[in-house]
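Peer 1: Have a look at this one.
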Amino acid sequence: VIVLALLAVAIFTAARPTLGAQTSLRYSGRRHHGNAALIGAGIGCYDGLLGPGTGAFLVIALVSVLGYSFLQASAKAKIV
């Protein structure tokens, strides 16, 4: 399951080469924080159950759902 999930992330990233090139946040205020909390809760559950690939999934979620650039998403994932 983990290998398939990581493969799906790789294909998703390769299919959209301009994704994450620059920051264009999709939400603001409480909605941004609410979506970030949902992403954190979901990835936290995954991390507790399985573990591997958590950082990659977090970066992809921050880029695709919230609209961060890869550089900012990677920095935020390192802090998390």
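The values are calculated or read from the model by the stated rules, or taken from the named source; none is laboratory data. Fair warning: this is a prediction, and the values are worked out from it, not measured in the lab. A quick note on method: Cβ atoms are made from the backbone with ideal geometry, for glycine too, and the neighbour counts reach across all protein chains shown.
Peer 1: State whether the residues of the range 62-69 include one that is surrounded by 13 or more Cβ atoms within 10 Å (Cβ to Cβ) and at pLDDT below 90.
Peer 2: No: zero hits.
Peer 1: Output the residues belonging to the range 23-38 that are outside any helix (DSSP H, G or I), of a type in the set (G, A, S) and under 15 Å from the mean Cα position of the chain (by Cα).
Peer 2: S24
Peer 1: Are there any pairs, at least 6 apart or on different chains, whose C-beta atoms fall under 7 Å, with the first in the range 55-71 and without any contact (Cβ under 8 Å) to a residue 24 or more places away in the chain and of a type in the set (A, V, I, L, M, F, W, C) and the second surrounded by fewer than 17 Cβ atoms within 10 Å (Cβ to Cβ) and in a loop (DSSP other than H, G, I, E, B), and if so, which?
Peer 2: Close Cβ pairs satisfying both conditions: L58/V80.
Peer 1: Mind checking which residues of the range 1-21 are under 15 Å from the mean Cα position of the chain (by Cα) and of a type outside the set (A, V, I, L, M, F, W, C)?
Peer 2: T13, R16, G20
Peer 1: Which of the numbered conditions does L7 fail, given that it passes all the others? Conditions: (1) touching a residue at least 24 places away in the same chain (Cβ under 8 Å); (2) out of contact with any Phe, Trp or Tyr (no Cβ under 7 Å at 6 or more places or on another chain).
Peer 2: (1)
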